[in-house]
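Right, one structure below, let's go through it.
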Amino acid sequence: MSEVLLYGGTTEGRLLAERLSAAGISVELHVATEYGSYVMPKLPGVTVVTGRLNVEEMKQLGKKGFRAVVDATHPFAKEVSENIRTSLMTNEIPFYRLKREACREIDGSICRYENHENCARALSVTEGNVLLTIGSKDLKKYCLNEDLRKRLFVRILPGADNLENCEACGLRGRQIIAMQGPFTKEMNLALIHQFGIEHLVTKASGAGSGFAEKAESVQAAGIMLHVIGAPADEKGMSFAEVAAALSRLLGKQVDGSTHVEVSLIGIGMGPGQLTLEARQALEEANLVFGAPRMLEKLAAGKESYPYYLAEDILPVLVEKREHFSDGVLRTAILFSGDTGFYSGCEKIKSELNKNGFDKVKVYPGISSVSCLAARAGVSWQEAALLSIHGRMDQVGLKTRLIAAVEHYEKTFLLVSDGQEIQKVGALLTEAGLGDSEILCGFRLSYPDERLIRLRASETEKISAGGLCTCLIVNSSAHAARVVPGLPDEAFLRERVPMTKEEVREVSLCKLGLSEDAVVYDVGSGTGSIAVECALRSPGGRVYAIERKPEALALLRRNLDKYHLYHVIPVEGTAPEALQELEPPTHVFVGGSGGCLEEILQCVWEKNPDACVVVNAVSLETIAQMTRLLQEPQEFAGRHLSAEAVQLQVSRSRELGAYHLMQAENPVMIFRLRLCI
């Protein structure tokens, strides 16, 4: 035997059934329609019964020994609520009415009526098509007047009984719109325009019912809104009050607290690009956050805040959770574009979870990249994807952009406006990629969308404004080199010492660079090591430290040759020149100036996990390394661990009809790490 008799059919009723089930309280839930049963999830201890009951049947039901009765029916099911009350008049069983939070008042052209009969009489003397969004139960009252019936379009839930009611009232074909809500302002507007609606009829059903969205669409379309009743004055108890009362009565704790459900919604390229799933989540939200331009389009009529940073959003959520009493506070946070592509979504989700908001769901948007690919008729599964939106001056991004265009036939790029496209074109032209073709998509999906196709060398012609996505096509793209080992001839050299090709290869392999490495090249010379590191780590940074002016000038020329904007030349002597630099992940020492121990001390104070490779050519440097390894050393509270490789390279050279091997100077390569 169930403990609680619950008359449901609303979101609040379903939520109460879930909380009662979680508390171990058995429930017999009565819903009027098959649809009400369909949307109710299967819950332990909850029995769902379908069908409308009269007063006598309710009286018999009340005699089954329930310990409490809860009326969670729709605010406009006044007859049902009255029947429930009447059926319990001779029964001392505790009774609770669960009321719905009132919706906000919306200004505009609104006519109000006490009942459907009055509304139907008023509509019968009007002109123009009428959209009824009142369900199917009271349709007959609007179909008695034949002229009015011919002008009716009715939106109902897709249930067999609703369709039968429409048929019985003489409504046919295109007059019947069978759809499941909730419905956005845009969806309402689409139906208004599609069927030439001049009057929309609704019930003032309270918050979360879609009333606000209907009112907004009516305002936008300039038509009349006809409202039946005013259930905002309904008597009853809040969700928290009903839960507390049942807890006291049944001796089991029913969760009446407000749970916060957060939807992180990517709105795509514009408000019209929301997915159906995202629209529904936004429609159900009590609270909406986002940039002002998003709220203006998508949150009208809802409680909203122009915030998009976690530090601003979290205090509002905490406060609202404390004062909201309807069980679930549904919150939507809006993001432009797609939530997974250069979006603030990931950071906010992490901050929400850290602060105890763990019911978070992400709804991806339609990205401008996929849209532009569709406009161009190309795929993007093998393309490079980058964003310089507002970050064009970051040196590392410039290098990554050039590398992407060099090595990928297709590169998709998010930019802020036409001026950034001009900078992109100049950068690519300077790097010898001026023949690359750029397809620029401005304000994609908006009515003033523009597509402009030109070469990188022609971008000074761009004058269009607004957010833009670019597709850069380089038909001469070539696969990226994945191993170090540029030939010595690839560098400008003159009289500056340079680490030889084979030694560079082994040294770089010992360094074990990562893609985002922060590298010190100490004693950079021509910059051959710095160049090789930068080419292997396009997402990192390389600091090339050199004290000799003539070597520094040659270093800059080699960097310009390879367009390596993420290599920063540093003039000075180590370790002094290292003091102000960010902590390194990898360090190459090609020349220490006799200060090797001091350099190591400085490096490992910054990052004890940094990997250091030292090349020793002179006997003095080898002796210094030998002493370091023989005598116990401590750096940053750790012990030094090392491996050493002696590399002797001989290269062939022609001597008449013969090829002889000519030896290079032997090099000792030390790989140093600290261990606990």
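The values are calculated or read from the model by the stated rules, or taken from the named source; none is laboratory data. This is a predicted model, so every value here is computed, not measured. Because the Cβ atoms are built from the backbone with ideal geometry, glycine has one as well, and the counts that use them run over all protein chains shown.
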Practice prompt. Count, please, the residues in the stretch 463-513 that happen to be of a type in the set (Gly, Ala, Ser), touching a residue at least 12 places away in the same chain (Cβ under 8 Å) and not in a loop (DSSP other than H, G, I, E, B).
Written response: 1
Item to complete: Go through the stretch 248-294 and count every residue that is in the same structural domain as Ser325 (by TED's automatic domain parsing) and among the basic types (Lys, Arg).
Response: 2
Worksheet item: If you scan the stretch 236-292, which residues turn out to be within 14 Å of the chain's Cα centre (by Cα), among the hydroxyl-bearing types (Ser, Thr, Tyr) and over 19 Å from Leu317 (Cα atoms)?
Response: Thr275
Worksheet item: When you scan the stretch 512-534, how many residues do you find that are of a type in the set (D, E, K, R) and surrounded by fewer than 21 Cβ atoms within 10 Å (Cβ to Cβ)?
Response: 2
Worksheet item: Out of curiosity, is Cys509 touching a Phe, Trp or Tyr at 6+ places or on another chain (Cβ under 7 Å), surrounded by 13 or more Cβ atoms within 10 Å (Cβ to Cβ) and either within 20 Å of Val589 (Cα to Cα) or not charged (D, E, K, R) (or both)?
Response: no
Worksheet item: In this structure, is Leu189 under 19 Å from Thr10 (Cα atoms), in contact with a helix residue (DSSP H, G or I) (Cβ under 6 Å, 6 or more places away or on another chain) and not assigned by TED's automatic domain parsing to the domain that holds Lys297?
Response: no
Worksheet, complete the sentence: Scanning the stretch 66-79 residue by residue, those modelled with pLDDT of 90 or more and out of contact with any Asp or Glu (no Cβ under 6 Å at 6 or more places or on another chain) turn out to be Phe66, Ala68, Val69, Val70, Asp71
Practice prompt. Scan Gly8, Gly13, Gly51, Gly45 and give me the residue that is under 33 Å from the mean Cα position of the chain (by Cα) and either of a type in the set (Gly, Ala, Ser) or crowded, with 19+ Cβ neighbours inside 10 Å (or both).
Written response: Gly13
Practice prompt. Tell me which of these Leu552 doesn't satisfy, since it passes every other one: (1) buried (at least 19 other Cβ atoms within 10 Å of the Cβ); (2) touching a Leu at 6+ places or on another chain (Cβ under 9 Å); (3) under 24 Å from Glu430 (Cβ atoms).
Written response: (2)
Item to complete: Sort out which residues of the stretch 150-190 are of a type in the set (Lys, Arg) and outside any loop (DSSP other than H, G, I, E, B), and write them in order of number.
Response: Lys150, Arg155, Arg174, Lys185
Practice prompt. Check Leu564 against each of (1) in a helix (DSSP H, G or I); (2) buried (at least 22 other Cβ atoms within 10 Å of the Cβ); (3) not β-branched (Val, Ile, Thr) and name the one condition it does not meet.
Written response: (1)
Item to complete: Output the number of residues of the stretch 136-184 satisfying the condition of being at pLDDT below 90, under 19 Å from Ala122 (Cβ atoms) and buried (at least 17 other Cβ atoms within 10 Å of the Cβ).
Response: 1
Worksheet item: Taking only pairs six or more apart or across chains, which ones have beta-carbon atoms under 6 Å, a first residue in the stretch 280-304 that is part of a helix (DSSP H, G or I), and a second residue that is basic (Lys, Arg)?
Response: Glu284/Arg330
Worksheet entry | Index of the failed condition, His323 passing every other in (1) more than 24 Å from Tyr446 (Cα to Cα); (2) buried (at least 21 other Cβ atoms within 10 Å of the Cβ); (3) modelled with pLDDT under 85 | (2)
